[in-house]
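The values are calculated or read from the model by the stated rules, or taken from the named source; none is laboratory data. In this text, all values refer to a predicted model and were calculated from it rather than measured experimentally. Cβ coordinates were reconstructed from backbone atoms using ideal geometry, including for glycine residues, and neighbour counts include every protein chain displayed. Areas reflect the complete protein model, heavy atoms only, side chains present, ligands, DNA and RNA absent. Shrake-Rupley method; radii C 1.70, N 1.55, O 1.52, S 1.80 Å.
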Amino acid sequence: MAASTRSVVLSLYKKILRESKTFSSYNFRMYALRRTRDGFRANKDVTDPAKIQELIKQAEESLQVIKRQVVIGQLYSTEKLVIEKDTQS
């Protein structure tokens, strides 16, 4: 993998993780984080440049979907789950 492609992939990975952490719903947040990590790990050994570009395009589309879903989740907020509630109060 070329250095520029590597930096693009790492940057995209970090953006997706950062955006996934902004989900208000615990279940969506954990699913997005797990799915992102699993997807990038599963494709870490890909060497074909065409396949890499295709995967980058899919990841960029996923990032856009996550951004839209975060906004929708913020519009329709729900009560926090038991595992999310602050226990110090």
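Summary table below
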{"quantity": "When segment 11-89 is reduced to its Cα atoms, the Kirkwood hydrodynamic radius in Å", "calculated": "13.9"}
{"quantity": "Accessible surface of the chain, 1.4 Å probe, proportion on carbon and sulfur as whole %", "calculated": "53"}
{"quantity": "Residue-averaged [θ]222 nm for the chain, counting only DSSP H segments that reach four residues, each worth -39500 (n - 2.57)", "calculated": "-24000 deg cm²/dmol"}
{"quantity": "Per residue accessible area in Å² of segment 1-57, where ligands, DNA and RNA are left out and the probe is 1.4 Å", "calculated": "73"}
{"quantity": "Around Arg29: net Lys/Arg minus Asp/Glu count, Cβ-Cβ under 10 Å", "calculated": "+1"}
{"quantity": "Dipole moment magnitude, nearest 20 debye, the chain about Cα centre, only Lys, Arg, Asp, Glu C-beta charged", "calculated": "160"}
